[in-house]
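The values are calculated or read from the model by the stated rules, or taken from the named source; none is laboratory data. Just so you know, these numbers come straight off a predicted model, no measurement behind them. Here Cβ is always computed from backbone atoms with ideal geometry, including for glycine, and neighbour counts include all displayed protein chains. For the accessible areas, the whole protein counts, side chains as well, though only heavy atoms, and no ligand, DNA or RNA atoms are used. Shrake-Rupley method; radii C 1.70, N 1.55, O 1.52, S 1.80 Å.
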Amino acid sequence: MRLRWFSAPTIVGFMLFLCVVLLAVNFFELNWIQYEHNKFHHGREPYAVTPSPSPPSPASGWQADAAKKPVFVVLAKHADAGHLVHVFDVFDVYGYTRRPFDKKVDWDVIWAHEYPFKTYADKITFSDLKPHQKVNHFPGVGFITNKIDLAISDIKYVPPAFQMPQEKSKFFTFVKKNPHKLFVQKQNNHRGIKIKSIGGLDFNSSGTFIQEYIDNPLLIDGYKFDIGVYTIITSIDPLRVYMYNGDILFRFCPEKYHPFNPDNIDKYVIGDDYLPTWEVPSLKKYYVDQGASMKASVESHLKAQGRDATKIWDQLEDAIRVVCLEKESKIRNLMRNYKSKTNFFEMARFDFVVDNDLKVYIMEVNMSPNLSSAHYRPNRLLYEQVLFNLFAIVGLTYFERREDSINMAVSTKNIVAYPETCAKMNCNSCNSEDCLLCSPCMDSYTKVQLTNAYREHIDRHDCKRVFPPKFDPNFLNNSVDLSGYSLNTRLMYKWFKGKCIADREWC
């Protein structure tokens, strides 16, 4: 009876007090762990988020300001309308702070929704950027993304096209040889596409092109579809190209293809209100029930039909490689006006259709592809993973690294590719091209590019290298004609080949 004073409220209060103490201890320990992580892994003290941190002095540089988070600036009309929300989310994941554009802002990344090099030329000196600054477009990328330029490039994966009115006679010659072909007339905004008879085409409409329509498309459950492949260009000279390999965007026409009616564009044109993968009956059991990717779902379906989807995937990869190689020299020539070639990167979406013989055709390349899941919420994960992989492979995660930790990531020994061969060669004069990959003859630009290539390989995550292409370890001694490549691209090709010889994981 002496313990009667231990009433129920007293016991409950004591227990709550213990819980508060334990929570406080756990909170302190978690903060200490984070402090230690930041100090020893990132080389900085934890920082407090402030609305407007003071920029570092020019002498100290951004690395010396421990309190400064990396800054990104958005150049876009209606940037906060919602179409860039996933871009903002991934910037936030990587610890960036968004700032409104101002000439005084010491930015690290510019994310431009439109082509910025003409629109903002009077505000930003793109030709003389600081080494750490990155822009999400290449000068001259329009050689790839401009629909007319791409359509009339005479590339094997692009359906025949004729620019109006310049190639009117050439078009009629083609029609005479192919009287049963169907055609669509397009312009750069890709709106108003419709199959028309020869009499319905406008041969005097400047800024348009007439293109052969692929009239035997591969169908799934009776629906025509297109394929969007997210492609990342990290360098032009030397050329390095990757594709996001974690998934592919499939979009289906809202109405079945047959019975075909050219007046009903919902049967053959992919619009904003397309039929998503999860509503295609034969794909639901893979995509919805099993949680598979769009690519795996389509591949499983085609395999069940006795068809080999790898024929499609191989062509997609080759088509991207062919286009980039075809346009590389034009972009490279334009970039001669820019002091640094390492400030730029590109993420575009190559859109394809496939015919019933599993032959792939490029329809267009989107410079700033849609990354908003507002219309189709299940696409959110795809867009976020594309962006997460993009940020990693182009080096947007390196801003927090201290100057003295660079060699921890990549050092000279990591970029050496032919040590045995170089040791046997006479490279005293460095006149031989083969010597340029040997350490005594490697110039600073080559070292920077090989360092970036090494980092990209390590940080590629779910990205697949498209160019330089993959190597077959069993045929490494076969000679390949590299005469059409620039010197820097030839060296990059040989470097990856040398890394493959040493370690098949690089092949």
Filtering the stretch 420-450 down to residues that are open to solvent by 60 Å² or more (accessible area, probe 1.4 Å), within 33 Å of the chain's Cα centre (by Cα) and not basic (Lys, Arg) yields Asp434, Asp443, Ser444, Tyr445, Val448
Taking the stretch 208-237 and keeping residues part of a loop (DSSP other than H, G, I, E, B) and closer than 30 Å to Val448 by Cα leaves Ile236, Asp237
How many residues of the stretch 314-363 are in contact with a Pro (Cβ under 7 Å, 6 or more places away or on another chain) and either charged (D, E, K, R) or in a helix (DSSP H, G or I) (or both)? The answer is 5
Gly228 vs (1) surrounded by fewer than 18 Cβ atoms within 10 Å (Cβ to Cβ); (2) within 12 Å of Glu364 (Cα to Cα): all pass except (1)
**Message:** Take Leu302 and tell me if it is open to solvent by less than 20 Å² (accessible area, probe 1.4 Å) and either in a loop (DSSP other than H, G, I, E, B) or closer than 16 Å to Leu249 by Cα (or both).
**Reply:** no
Restricting the stretch 489-500 to residues that are open to solvent by less than 40 Å² (accessible area, probe 1.4 Å) and either touching a helix residue (DSSP H, G or I) at 6+ places or on another chain (Cβ under 8 Å) or of a type in the set (S, T, N, Q) (or both), the one farthest from Lys413 (Cα to Cα) turns out to be Thr489
Counting only residues that are open to solvent by less than 30 Å² (accessible area, probe 1.4 Å), touching a residue at least 60 places away in the same chain (Cβ under 8 Å) and part of a strand (DSSP E or B), the stretch 170-207 contains a total of 1
Per the filter on the stretch 99-128, residues under 22 Å from the mean Cα position of the chain (by Cα) and farther than 21 Å from Pro369 by Cα are Trp107, Asp108, Phe126
Taking the stretch 442-473 and keeping residues touching a Phe, Trp or Tyr at 6+ places or on another chain (Cβ under 8 Å) and within 17 Å of Gly395 (Cβ to Cβ) leaves Leu450, Ala453, Arg455, Glu456, His457, Arg460, His461, Asp462, Cys463, Arg465
Item checked: Test result for Ile148, under 25 Å from Phe203 (Cβ atoms) and not in a loop (DSSP other than H, G, I, E, B) -> yes
In the stretch 238-260, residues that are part of a strand (DSSP E or B) and under 12 Å from the mean Cα position of the chain (by Cα) total 5
The stretch 378-483: helices (runs of 4 or more DSSP H) wholly inside it with 3 or more residues that are closer than 30 Å to His86 by Cβ and touching a residue at least 40 places away in the same chain (Cβ under 8 Å) are 380-393, 444-458
Before we move on, is Tyr223 farther than 22 Å from Pro259 by Cα and surrounded by 15 or more Cβ atoms within 10 Å (Cβ to Cβ)?
-> no
For Ala417, the lone unmet condition from (1) touching a Phe, Trp or Tyr at 6+ places or on another chain (Cβ under 6 Å); (2) open to solvent by 50 Å² or more (accessible area, probe 1.4 Å) is (2)
